[in-house]
Amino acid sequence: MNKPTVGRIVHFHPVTPVGAKPAIHAAIICFVHTDSLVNLSVFDALGHTYARTSVCLIEDYAPPIAPNKGDAVAEVSTWPPKENNQSVGDVLWSLRELESACITAGMLPQAGETIRSAIKLIVAQKGA
């Protein structure tokens with residue numbers, strides 16, 4: 001489970017009227033009560049900010065469905081979904097760090113050509 005800390009970005013799921021598309025607002029953790037309870041500074045779709053205190057922070061989230069028109073649904077926050085792909089810059093940085101470690105360990109002849117080939121291929125494909 002992710003550990004909340006001040007300054008981390010989360011998604012805030014405000015109460016949505018029945019029948020409306022569930023909204024997701026960007027938010028920054030401003031205070032941590034526990035690993036699952038935080039205070040947030042929330043940004044709406046227009047960039048306006050508002051505060052929410054004592055918001056539950058959960059790992060997995062499915063938008064709640066209010067069974068009746070007047071039923072209230074709790075507001076919650078979640079971690080943004082993880083991206084399956086890294087940026088080209090992240091991959092290149094990792095490969096260059098690996099190349100540097102191989103040089104330090106004296107393993108460059110064995111691993112160096114493979115690493116250099118991967119760097120050249122990524123640069124050529126993405127124009128980084």
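The values are calculated or read from the model by the stated rules, or taken from the named source; none is laboratory data. Owing to the predicted nature of the structure, the values given are computational and were not obtained by experimental measurement. With ideal geometry, Cβ positions are generated from the backbone for all residues, glycine too; neighbour counts draw on all protein chains shown.
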Scope region 40-53; condition crowded, with 17+ Cβ neighbours inside 10 Å and in contact with a Cys (Cβ under 8 Å, 6 or more places away or on another chain); matching residues: 40
Checking 4, 14, 64 in turn, the sole residue that is modelled with pLDDT under 85 and either more than 21 Å from residue 82 (Cα to Cα) or surrounded by 11 or more Cβ atoms within 10 Å (Cβ to Cβ) (or both) turns out to be 64
If residue 51 passes every condition in (1) outside any strand (DSSP E or B); (2) farther than 21 Å from residue 82 by Cβ but one, which one does it miss? (1)
If we ask which residues in region 17-35 are part of a loop (DSSP other than H, G, I, E, B), more than 15 Å from residue 80 (Cα to Cα) and either within 18 Å of the chain's Cα centre (by Cα) or at pLDDT 90 or above (or both), their number turns out to be 1
